[in-house]
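Here is the structure we will look at.
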Amino acid sequence: MTKWAGTSRPQRKVRRMAVAALAAVSMALTACTGGGTPTPSVTGATVDPTAKSLVIGATAEPATLDPTATDGAAGTQALLYNVYETLVKLDAEGHPKPLLAQAWNASPDGLTYTFKLNPAATFSDGTKVTAQAVADNIARIQNENVAPKLKTTMALVSSAAVVDDATIDITLTKPSVRWLYEMAGAAGIVMNPAGFAAAGRQTAGSGPLTLDVWLPGDSIALKKNTAYWGTPVRFDAVTFRYFKDPGAMTASMETGQLDIISNLQAPETVEQFADTSRFNVIQGSTDGEVTLAINNGGEHSNVDDPDPEKRVPRNPGNPALADVRVRKAITMAIDRQALLDTVWSGKGQLIGSMVVPTDPFYEDLTGVNPYNPDEARRLLAEAGHPKLTLRLRPAALPYASKAAQFVASQLAAVGITATVDELGFQQPWISTVMGQADYDLSIIAHVEPHDIFTFANPNYYWRYNNPDVTALAASADAGSQEQYVAELKQAARIVAEDAAAVWLFALPNLVVAKQGITGIPQNANSSLSFDVTTIARA
Amino acid sequence: MLARLGIFVASLLAASLVIFVITQALPGDVAAAILGFGATPEQLAAKRAELGTDRPFLIQYADWIGGVLHGDFGRSWYSDIPVATLIAPRLEVTSSLVLLGLALALVIALPLGAVAALERRQWQGFTTSALAQFGMAIPAFWAGILLVFVFAVTLRWFPANGYSPLARGLGPWASHLVLPVVALGAVQGAVLIRYVRSAFLEVLGEDYYRTARSIGWTRWRALARHGVRNAALSLVTVLGLQLATVIVGAIVIERVFVLPGLGSLLLDMVGRHDLIVVRGVVLLLVFVVLLINAAVDISYALIDPRLRTSGRA
């Protein structure tokens, strides 16, 4: 039998104290940011909400604000041209035009570029963009531990000589057409040297916007740089909001929380924006090639390095893939039009090599190794692999997972068993597939401009080693603009005929905007940036 | 009291070691992830040295826990932002969601649980129990997606997702939280109904309840006067346990509603292998759960005077 105890006065007091204590704990939990301290870290709290603002939905969220620290397009999408500026910028046709550099010329031997900086250009803190600042940025990429891709670009620079405040002579170790194109991307960013130390968490650019608040994983809020030296942006605040789930982004657009979806990751939802009184759908092209990577089986040049630290393990890919017949059979086994229809709702374009239609050296190569499962079976039998088991290790990204299922079922029809093993993109895909080439097949979109050059690098994870392609790429880079186009065209054809990879489709640029928003570039020619400098609201 | 504090600190230290061991065992190399393709072994080594991930395990642990004891949780390996700075603005989001969600769950579960117990042989009781079963079977993320579709996309009553901090006004804060709190609280409420029901059922079989009824009190009055306090003992235990579940549920809800809370931070940083942040967030969550358990223990003594004397022995 339970005995009931009444509540006496002192007990009540204890209880009240306990309740107060619990309340204090919960207050402490809720009130951490509400307490007057200026930590406005949640979605752009310092900008007046009545100001002219633009909210953009995006998917690739940067891990650091320093666009030179890490590989990939996420770091530059929100910041390039908006916050950070480069010496040159590419126009809609993909040709370099002035930005921080008013003019430039190459010496007759193609070794030295002389850049004349715009004398009006200033950083957001008011200091001038000088030739010394350009030299400091080159030195930083050369000497600091930044993304290897940028180091490779700047390794070409043998000297950066400051002539005067607004003139710099940059001398290369060998002539390179491509180097100037690279100056329009992350390698060409001129950061305020005063901001080098804190570049991961603060920006120090010369662009029309500056960082207001960054809430990692959620949003980057930018505000107008009122002292901008060029044509100002038409908004007081521009916020990039990041979504992992395309459905959530679509819902936000439908409810009017977003002004723009920077690139629709669920093209099947495009019908939801069919109401032209509310929305405007812009379909253009990007530099992205969705690629079924094949481990071509070429050995990495560091395999026999005497230094064990530098030695790379032997290529762990399936040796059958070194046979061009097997690679051709894989290409011919896949109905790429059906794949595009299934995976990306038919939006996008079929391509036959690592070149997108907006590249100056594009040529329609979709007819090389066309869809033909019977021929694929015959080639496999001829190569002695009527049955073959391959590891298909796509990055765990929506389009790659969908494409992997489709590819696996089509390969099964010609006798290839593809065991699908999805790897998280940042980890471990980058280190396992890209770093160690521990894969047979993989799927990822390559968004770098002019990335045909990756097939000229035998160390790249394609492990494609064709001296002809390497020589063509080197000669194209060292020659004239015309030679660049002609020789890259040749290289693209060889790579296609070698079936060095399967180019599934070129990613479209699918932008959804509220009706009345204008000036959004149709083509994301440099997929590296969502450039807001031309955008306006009617 | 001192012994209890000792156990608290020891549990926290043990948890910190477990967290460290598990995160350390995750496959992948953050230096390779940061630098991307083409990093030379020298560059990777330099990056590891910069981050300190090349040091022996115990040194890394000692360094981390030493910092934590001084309130320094380290800095993100990618962005160099202090972990505490990353966590601070998210506390408001997650605690708003968890506390309001739990409050809603209680508001749902207490009256309905009482109905289910008192009217257990009537249609009201059956209906309530059936509803509870049904509610428990709904995954919170699915409820979230459904709520967004109906109340945000179709009816436009609330924003589809996102968060507006309290500092920017109560109205926007509340409107952003309604749907996530309902998604979290309704499902939790359904779970709680069953516990409330069985706790009350136990009371209904007790002598004091029969006595109260025999002196002419109504069922509801007897239950309210004697039942609630007696049932509270087991309910507080359940609530303590459920709160941990609610925090886990909040992680899912934060994803569905794109709320910048601790759960979103945790998932992002695990995906990115930014382990120093992961450790900080998990340790904080463990701390909160331990604190709740301690509060549950203390509340026993407040609710039931008999436990107060035994506590001292």
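The values are calculated or read from the model by the stated rules, or taken from the named source; none is laboratory data. If you're wondering where the values come from, they're calculated on a predicted model, not measured in any experiment. Reconstructed Cβ throughout: ideal geometry from the backbone, glycine too, with neighbour counts over all protein chains shown. The area values use the complete protein model at the heavy-atom level, side chains included, leaving out ligands, DNA and RNA. Shrake-Rupley method; radii C 1.70, N 1.55, O 1.52, S 1.80 Å.
I'd like the residue in the stretch A:293-336 that is open to solvent by 60 Å² or more (accessible area, probe 1.4 Å) and at pLDDT 95 or above and, out of all such residues, is farthest from the chain's Cα centre (by Cα).
Here the answer is A:R325.
Scan the stretch B:219-241 and give yes if some residue there is of a type outside the set (D, E), within 30 Å of B:D72 (Cα to Cα) and assigned to a helix (DSSP H, G or I), otherwise no.
yes
Listed residues A:Q426, A:Q405; which is closer than 23 Å to A:Q265 by Cβ, modelled with pLDDT under 90, in a helix (DSSP H, G or I) and in the same structural domain as A:K347 (by TED's automatic domain parsing)?
So the residue among A:Q426, A:Q405 that is closer than 23 Å to A:Q265 by Cβ, modelled with pLDDT under 90, in a helix (DSSP H, G or I) and in the same structural domain as A:K347 (by TED's automatic domain parsing) is A:Q426.
If you go through the stretch B:259-266 one residue at a time, do you hit one that is under 26 Å from B:P172 (Cβ atoms), hydrophobic (A, V, I, L, M, F, W, C) and not in a helix (DSSP H, G or I)?
Within the stretch B:259-266 (the criterion being under 26 Å from B:P172 (Cβ atoms), hydrophobic (A, V, I, L, M, F, W, C) and not in a helix (DSSP H, G or I)), the answer is yes, since at least one residue qualifies.
Checking A:V485 against (1) under 24 Å from A:V368 (Cβ atoms); (2) surrounded by 21 or more Cβ atoms within 10 Å (Cβ to Cβ); (3) among the β-branched types (V, I, T), only one condition comes out false. Which one?
The failed condition is (2).
Taking the condition open to solvent by less than 40 Å² (accessible area, probe 1.4 Å), over 31 Å from the mean Cα position of the chain (by Cα), outside the structural domain of B:G261 (by TED's automatic domain parsing) and not aromatic (F, W, Y), does B:G74 pass?
no
Could you list, in sequence order, the residues of the stretch B:208-218 that are in a helix (DSSP H, G or I) and either out of contact with any Ser or Thr (no Cβ under 7 Å at 6 or more places or on another chain) or of a type in the set (K, R) (or both)?
B:Y209, B:R210, B:T211, B:A212, B:R213, B:S214
Inspect the stretch A:182-192 for any residue being out of contact with any Leu (no Cβ under 9 Å at 6 or more places or on another chain), modelled with pLDDT of 95 or more and not assigned by TED's automatic domain parsing to the domain that holds A:A471 and give the result as yes or no.
Taking every residue of the stretch A:182-192 in turn, at least one turns out to be out of contact with any Leu (no Cβ under 9 Å at 6 or more places or on another chain), modelled with pLDDT of 95 or more and not assigned by TED's automatic domain parsing to the domain that holds A:A471.
Please go through the stretch A:319-356 and pick out each residue that is assigned to a loop (DSSP other than H, G, I, E, B), closer than 30 Å to A:E268 by Cβ and of a type in the set (D, E, K, R).
The answer is A:D335, A:K347.
Would you check if there is a residue in the stretch A:267-277 being assigned by TED's automatic domain parsing to the domain that holds A:F123 and buried (at least 22 other Cβ atoms within 10 Å of the Cβ)?
no
Open to solvent by 40 Å² or more (accessible area, probe 1.4 Å), of a type in the set (V, I, T), under 30 Å from B:Y61 (Cα atoms) and assigned by TED's automatic domain parsing to the domain that holds B:V182, is that true of B:V288?
no
So if I check each of A:Y439, A:Y399, which one is buried (at least 22 other Cβ atoms within 10 Å of the Cβ), closer than 16 Å to A:L292 by Cβ, within 14 Å of another protein chain (Cβ to nearest Cβ) and touching a strand residue (DSSP E or B) at 6+ places or on another chain (Cβ under 7 Å)?
Of the residues listed, the single one that is buried (at least 22 other Cβ atoms within 10 Å of the Cβ), closer than 16 Å to A:L292 by Cβ, within 14 Å of another protein chain (Cβ to nearest Cβ) and touching a strand residue (DSSP E or B) at 6+ places or on another chain (Cβ under 7 Å) is A:Y439.
Here are some conditions: (1) without any contact (Cβ under 8 Å) to a residue 40 or more places away in the chain; (2) of a type in the set (S, T, Y); (3) out of contact with any helix residue (DSSP H, G or I) (no Cβ under 9 Å at 6 or more places or on another chain). A:T231 meets all but one. Which one does it not meet?
(1)
I'd like to check which strands (runs of 3 or more DSSP E) are fully inside the stretch A:133-250 and have at least 1 residues that are within 13 Å of another protein chain (Cβ to nearest Cβ) and either farther than 30 Å from A:G519 by Cα or not acidic (D, E) (or both).
A:209-215, A:219-224, A:237-242
Which of the helices (runs of 4 or more DSSP H) contained wholly in the stretch B:50-157 include at least 2 residues that are within 17 Å of B:V191 (Cβ to Cβ), more than 14 Å from chain A (Cβ to nearest Cβ) and not β-branched (V, I, T)?
In the stretch B:50-157, B:83-118, B:123-136, B:140-147 are the helices (runs of 4 or more DSSP H) which contain 2 or more residues that are within 17 Å of B:V191 (Cβ to Cβ), more than 14 Å from chain A (Cβ to nearest Cβ) and not β-branched (V, I, T).
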